Amino acid sequence: MPDYAEQLRGAELRVTRPRVAVLEAVHTRPHADTETIFGAVRTVLDGVSRQAVYDVLHAVTAAGLVRRIQPPGSVARYESRVGDNHHHVICRSCGAIADVDCAVGEAPCLTPSDDSGFLVDEAEVVYWGLCPDCSTSQTSRSNP
Ligand SMILES: [Zn+2]
Ligand SMILES: [Zn+2]
């Protein structure tokens, strides 16, 4: 288990129980939404407020300890895998999300044919499809 207190100190954030609990919730539940994280934090810190969890998520995201992603059509999700420019594959049917390593290995993954003079440092790629569960159930429905 990572040392969450050490991570917080490294980011010059004061170590508090809600912060440690949020980091642990994000780490053990990749791509969880705010509600899921709030529920998980509540099981270890009874009485923590929703606003406190929002505030902690904001602070650890701003500090770079957690990455916030918001796929089109989805609520914001959080993950502890930061700084490696990985992408996501999302199931069109059930919304399941999985990590996809950066296709090139470093950001930006895609070079625009015309960057309009911008200094591009990131390309966010979302792969869409059907997760194994959903593709299996669709195949069995169409081929009885
Ligand atoms: Zn699915
Ligand atoms: Zn991810």
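Please report the carbon-and-sulfur percent of the accessible area for region 4-69; probe 1.4 Å, protein heavy atoms only, DNA, RNA and ligands left out. Each step should come with its number before you reach the end.
Details: 1750 of 3560 Å².
Reported share for carbon and sulfur atoms: 49 percent.
Sort 104-114, 84-94 by packing, meaning the average of other beta carbons within 10 Å per residue, with the highest value first.
84-94, 104-114
Rg to Rh ratio, the chain, alpha-carbon atoms and Kirkwood radius?
Taking Rh as the inverse mean 1/r over Cα pairs, Rg/Rh reads 1.05.
On the accessible surface of region 84-142, probed at 1.4 Å, how many percent belong to carbon and sulfur atoms?
Roughly 51 percent, rounded to a whole number.
Hey, can you find the accessible area per residue of the chain for me, probe 1.4 Å, expressed in square angstrom?
62
Could you grab the Rg to Rh ratio for region 1-53? Cα atoms only, Kirkwood for Rh.
With Rh from the inverse mean 1/r over Cα pairs, Rg/Rh is 0.95.
Using θ = phi - 60° and the Karplus form 6.51 cos²θ - 1.76 cosθ + 1.60, what ³J(HN,Hα) does each residue of region 73-80 get, whole Hz, x for Gly and Pro?
Result, ordered by residue: x, 10, 6, 4, 10, 10, 8, 9 Hz.
The values are calculated or read from the model by the stated rules, or taken from the named source; none is laboratory data. Quick caveat, the model's predicted, so the values are computed rather than measured. Positions of Cβ are generated from backbone atoms using ideal geometry, with glycine treated the same way; all protein chains shown enter the neighbour counts. Remember, those area values only see protein heavy atoms, side chains included, never the ligands or the DNA or RNA. Shrake-Rupley method; radii C 1.70, N 1.55, O 1.52, S 1.80 Å.
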